[in-house]
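The values are calculated or read from the model by the stated rules, or taken from the named source; none is laboratory data. Computed from a predicted model, the values in this text were never measured in an experiment. Positions of Cβ are generated from backbone atoms using ideal geometry, with glycine treated the same way; all protein chains shown enter the neighbour counts. Surface areas here come from the heavy atoms of the whole protein model, side chains and all, with no ligands, DNA or RNA. Shrake-Rupley method; radii C 1.70, N 1.55, O 1.52, S 1.80 Å.
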Amino acid sequence: MKIFFTIVILMSFILPETIHAKSNPKSMTLVRNGRPEAAIVIAKKPTKAAQFGAYELQSHIKQITGTILPIVKDSKKVTGTKIYVGDSAAVKKLGIDCAKLKSQEYLIRFLPDAIILAGKDKQDFGKPVYDYIKNINAVNTWASLYDETGTMYAVYDFLEKYCGVKWLNPTDYGTIVPKEKTLTVAGSDIKRKPHMVYRGGAAAYDASQRYNENGGLWYYNQNKEYPEYNNRAYGKVYKKYKNPRQRTMGRQAQNRLFMFRHKAGGEYSQCNHSFYDFYNRFWEKSKDPRTAKLFVEKRPELFAKGYTGKPPQLCYGCDETVAQVVKDIRNYFDNGGTRWGKNFYALEPMDNNSFCKCKICAAQYEPARRTDSSEHSTYWFSFVNRVAKEIKKSHPDKKISTLAYMSHEGLPTGFKLEDNVVVHFCLSANRMPYDKKTLAKQIGRIREWREKAPDVPMYLWLYGCFPGLIAKVGKFHCFPGYYAHEVKRQYDLFKKLKIKGVFYDGFTGDVDNYVSYKLMDDPDRDVNELADEYFSAYGAAGKPLKEMYEIIEERYCNPGNYPQQNGAPYSGHQNVKIAWDSLGNAETMQKLQRCMDQAYAAAKTEREKNLVRMWDDAVWSYMKKGRKKYVERSSSPIPEINVPKVADANGNVNKVDWSKAVSLGDKWYRNGGNIPAISKLSGRICHDGKYLYLELIDQVDPKKLHVSPMICCYDDWEIFIATQRAQPYRQFLAGPTGMVDGYSYGEVNWRQTVPSSEYTKKGFGMTAVSDTKSGKWVTRLAFPLNKMLIKPVKPGDDIYMNIMRVKNPKLCADPAASFGIDTWVPYTTVFEVDRLGKVHLEK
């Protein structure tokens, strides 16, 4: 049976970047009854993009028809239909000058006896190795996602629009091709470029340019399900290679192909925190030999004033900082820097808002704008403008990029940004449609930028990592954050606001990823059609899986499925209770199980069965495990304790009347479960209105203790304290010598493992007295109530706590263990704070 694809494109759906010439009514047969009737023609000296495009075209037509079209140079005589791929002398004779195409532009042209697939290409004539299965290093010979590869764009549009090919995900089963012995094509000419100039779909800025390293919802290499998924998803590579590094390269090759085929990349304009290297260069010489060579000299004038120890920021108000940054940027452009893009340099402070306290800096802060996330906007953008003015003098064609983020989200007061500044707005609530208030507030601020600064090029940083990242750091399984229809709503808005590009900070969920890539290229695509395209790969099993997706999407996106907070709609990220008590409750999970059962029953071919198993591996098994773990843990009791008030000891643990303290009980648990600990542990707790006191005792032989130079990872006591059973929280550590330290989690923009020195003295003011002379290890701790947490604690308050004893391997019952953990609260381990014990401070 002959396959015949004719594409009729309605003008109402054409992007401004798209030009369609009149349709050529004559069809062209490329393969007839398994015999080639066309050849792929490339230049005598083709670009890398043209060569790769030719290989992709040849490979896909072979998959459709079983026939290999020859690839020949344009100097050779060709009979039959000629498919010109890339610029060449022959293409120039046909009146097309690819040199005149704009950046990222490409065209598809139908002539009486030829088809032209060409675009703006980087003048790189290196030879790419196409077969990554035979040659695992092939990916290192390919073009970058951020090279000009317009010819490849033309090939992919041709394969999709005229040959019926679909690329749904990067796995062995993600490419869908029709199977026909005869391939005939016809259609309209196309001349266009992708809608957004920067399409950073989780390609990030690392050399590997990964798409999505996770196995569905599972996080990279953190569970046994991850390799199970990859064994099936990337079976061709995994069957040939046993070496983990080679398997990783194979996955990366398939992921890169997927991004190529969806036109990811474009003009690289990455923006992120850019000054962390100043510590190794100008604060102190690193102890790590790999970074020690970066040290230039001690320059304290460059750093924020008013802090003890290592400053959390630079001093962005001083002339010396401006001069050093300008010098760095000029050196970057003069030497062909690429980290932020060849035409861009990123300026962004450290990931905190602990800015300089000197008079010059502090005078620019606007405390009245604090609730509007803009207290430091004028201060920060003043610095950006000073730098941009200087760079314009030496490099007028280059751009300075910066974020609208955290406490500098809004516009500056009293001045406009320089015309060589571009802004990337961090839309952190993009994947939280249920939090309508926060999302509307951020979108309102983007509108304000566009209205009051219409000439500033605007990009977006989108948080595809949520809610998976929240679950990862919170040590629980999230309810999937599927939101395809919300993605479409947002891209409609992005188009109206003339957003130039987006960067996704992580991707989770193949359906949402597929929709996002399509809308970056063409925001006028219909989301329901895209969803149908995706699930069509599953055959009859696609219908129940689509229903499953839609149930998950509705549960996640609908604010009515979330508990209210003090009578108001829910705001913020999900926690484990919301995930599996509100969203993934028993009734919902039963509905989803029925969909999964129907999908298995409907799958007919081996391909369809494998796809269903992969969906199960990637999505359903993750959800079932999360729900099961929640039910088991939530049925186990959590300690609650009333802490008595004792006589004032003023923070001196040796003056505390410990006889009045209350016992923590004799039940401690082993390795994150509910099995009693082997170690003999005990403790007491009290407070005096100013300090919380803990006495912790391990009946271990002190000679068996290991003293770590950084306290952790063992032997130590680790205390986790929060104002609720979720982030933000703080971690306090104490070792056998009385050394202490502390870290915060989630206090500022979900930053993790932030050292206490950014806030106050080491350990947030906690002090420790350790006694190992009595044949056991006794540790007594004092926590200042006004500094212990992000806000002061007072008598009458409730706080939440867990206490953990982290042990060296020799003290563990398991000889293969790297370390052991005994906990006060059952079913918990380090960084799991959803089951913190309730601690009430009596008045």
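Can you tell me which of 71-77, 36-42 comes out highest on packing, and rank the rest after it, using the mean Cβ neighbours within 10 Å?
36-42, 71-77
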Notebook entry, point to check: Reported to two decimal places, what Rg/Rh ratio describes segment 551-652 when computed on Cα atoms with Rh from the Kirkwood expression?
Noted result: 1.22
Check: Using alpha carbon centroids, what distance separates segment 218-257 and segment 497-526, in Å?
Finding: 25
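Can you flag which of LYS667/LYS762; LYS441/LYS625; LYS263/LYS498 are past 26 Å Cα-Cα? Intermediate values should be presented prior to the final figure.
On the way: LYS667/LYS762 31 Å; LYS441/LYS625 35 Å; LYS263/LYS498 19 Å.
Flagged as over cut-off: LYS667/LYS762; LYS441/LYS625.
Convex hull over the Cα atoms of segment 683-771, averaged projected area in nm²?
Details: hull surface 26.6 nm².
Taking a quarter of the hull surface, the average projection is 6.6 nm².
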Item checked: Whole-Hz ³J(HN,Hα) from phi, Karplus 6.51 cos²θ - 1.76 cosθ + 1.60, for segment 138-152, glycine and proline x -> 4, 4, 6, 9, 7, 5, 7, 4, 9, 7, 6, 10, x, 4, 5
Notebook entry, point to check: Taking LYS392 as the anchor, which lysines have their alpha carbon closer than 18 Å to its alpha carbon, excluding any fewer than eight residues away along the same chain?
Noted result: LYS327, LYS342, LYS416
Notebook entry, point to check: When the distances between all Cα atoms of segment 469-627 are binned every 10 Å from zero, what whole-number percent does each bin get?
Noted result: 10, 35, 36, 18, 2, 0
Check: Where the centre of each part is set by its Cα atoms, how far does segment 159-193 sit from segment 689-744, in angstrom?
Finding: 59
Note to self: Quick check on the chain: helices-only [θ] at 222 nm, where DSSP H runs of length 4 and up contribute -39,500 (n - 2.57) each and the sum goes over total residues. Nearest 500, please.
What the structure shows: -8500 deg cm²/dmol
Checklist line | Of LYS166/LYS495; LYS305/LYS398; LYS44/LYS122; LYS181/LYS518; LYS134/LYS239; LYS122/LYS161, pairs whose Cα-Cα distance is over 21 Å | finding: LYS166/LYS495; LYS305/LYS398; LYS181/LYS518; LYS122/LYS161
Next item on the list: Work out the FRET efficiency for GLU550 and ASP526 from their Cβ-Cβ distance, taking R0 = 22 Å, and round it to the nearest 0.05.
Entry: 0.90
Check: Given a cut-off of under 8 Å on Cα pairs at least six residues apart, what relative contact order in percent is computed for the chain?
Finding: 9
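Could you tell me what percent of the accessible area of segment 674-802 is made up of carbon and sulfur, with a 1.4 Å probe and every protein chain present? Write out the running numbers ahead of the final one.
Numbers: 2800 of 5260 Å².
Accessible surface attributable to carbon and sulfur in segment 674-802 totals 53 percent.
Using every Cα-Cα pair within segment 239-356, state what percent have a distance larger than 24 Å. Mind showing how you got there, number by number?
Working: 3249 of 6903 pairs.
Of all Cα-Cα distances in segment 239-356, 47 percent exceed 24 Å.
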Margin query: I need the Debye-formula profile for the chain: one equal scatterer per C-alpha, no solvent, reported as log10 I(q)/I(0) at q = 0.05 1/Å, two decimals.
Written below: -0.33
Note to self: I need the phi-derived Karplus couplings for segment 820-829: 6.51 cos²θ - 1.76 cosθ + 1.60, θ = phi - 60°, integer Hz, Gly and Pro marked x.
What the structure shows: x, 9, 10, 10, 6, 9, x, 6, 9, 9
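Once you wrap a convex hull around the alpha carbon atoms of segment 747-843, what is its projected area averaged over all directions, in nm²? Write out the running numbers ahead of the final one.
Numbers: hull surface 34.7 nm².
Dividing the Cα hull surface by four gives the mean projection, 8.7 nm².
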Next item on the list: With r as the distance between the Cβ atoms of LYS773 and GLN564 and R0 = 41 Å, compute the FRET efficiency 1/(1 + (r/R0)^6) and round to 0.05.
Entry: 0.15
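When Lys and Arg each count +1 and Asp and Glu each count -1, what net charge do the other residues less than 10 Å away from SER88, Cβ to Cβ, add up to?
Values: positive: LYS44, LYS45, LYS73, LYS92, LYS93; negative: ASP74, ASP87.
Cβ neighbours under 10 Å give a net charge of +3.
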Notebook entry, point to check: Expressed in whole Å with the largest first, what are the equivalent ellipsoid semi-axes of segment 362-457 derived from the C-alpha gyration tensor as the square root of 5 times each eigenvalue?
Noted result: 25, 16, 10
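Rg/Rh for segment 660-718: what does it come to with C-alpha atoms and Rh from Kirkwood? Numbers along the way, then the final one.
Values: Rg = 13.6 Å, Rh = 13.4 Å.
That ratio is 1.01, to two decimals.
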Next item on the list: Report the normalised scattering of segment 112-190 as log10 I(q)/I(0) at q = 0.21 Å⁻¹, calculated by the Debye formula with identical scatterers on the alpha carbons.
Entry: -1.23
Next item on the list: Counting residues in segment 478-548 as N, plug N into 2.2 N^0.38 Å and put the Cα Rg over that result.
Entry: 1.16
Check: Counting pairs of alpha carbon atoms under 8 Å apart in space and at least six apart in sequence, what relative contact order in percent does segment 731-829 give?
Finding: 16
Next item on the list: With label points built 7 Å along Cα→Cβ from the Cα atoms of LYS224 and ASP657, find their separation and express it in nm.
Entry: 5.4
Note to self: Once each part is reduced to its C-alpha centroid, what is the distance from segment 62-134 to segment 376-402 in angstrom?
What the structure shows: 42
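Ranking request for peptides 307-320, 823-836: highest mean number of other beta-carbon atoms within 10 Å first, then the rest in descending order. Walk me through the numbers before you get to the answer.
Working: 307-320: 18.2, 823-836: 22.2.
Packing proxy ranking, top to bottom: 823-836, 307-320.
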Note to self: I need the phi-derived Karplus couplings for segment 728-740: 6.51 cos²θ - 1.76 cosθ + 1.60, θ = phi - 60°, integer Hz, Gly and Pro marked x.
What the structure shows: x, 8, 10, 10, 10, 10, 9, x, x, 8, x, 5, 10
Next item on the list: Check the straight Cα-Cα distances from LYS604 and name the lysines below 19 Å, setting aside those fewer than 8 residues away within the same chain.
Entry: LYS179, LYS543, LYS546
Margin query: With only alpha-carbon atoms in the gyration tensor, what are the semi-axes of the equivalent ellipsoid for segment 248-310, in Å, largest first?
Written below: 39, 17, 10
Checklist line | Overall dimensions of segment 278-413 as given by Cα atoms, namely Rg and Dmax in Å | finding: 15.4, 45
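Sorted by mean Cβ packing within 10 Å, highest first, what order do the peptides 279-287, 95-103 take? Before the final figure, lay out each step's value.
Numbers: 279-287: 15.4, 95-103: 13.2.
Per-residue mean Cβ counts within 10 Å order the peptides as 279-287, 95-103.
Rg(Cα) of segment 422-464 divided by 2.2 N^0.38 Å? Walk me through the numbers on the way to the answer.
Numbers: Rg = 10.7 Å, N = 43, 2.2 N^0.38 = 9.2 Å.
With N residues counted in segment 422-464, Rg over 2.2 N^0.38 Å equals 1.16.
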Next item on the list: Provide, for q = 0.15 Å⁻¹, the log10 of I(q)/I(0) from a solvent-free Debye sum over equal Cα point scatterers in segment 617-734.
Entry: -0.95
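Provide the net charge surrounding PRO311, with neighbours chosen by a C-beta distance below 12 Å and charges set as Lys +1, Arg +1, Asp -1, Glu -1. Please list the in-between numbers first.
On the way: positive: ARG299, LYS305, LYS310, LYS357; negative: GLU284, GLU301, GLU758.
In short, +1.
Of all DSSP beta bridges located in segment 633-766, what percent are antiparallel, nearest 5?
Numbers: 24 of 25 bridges.
Looking only at bridges with both residues in segment 633-766, the antiparallel portion is about 95 percent.
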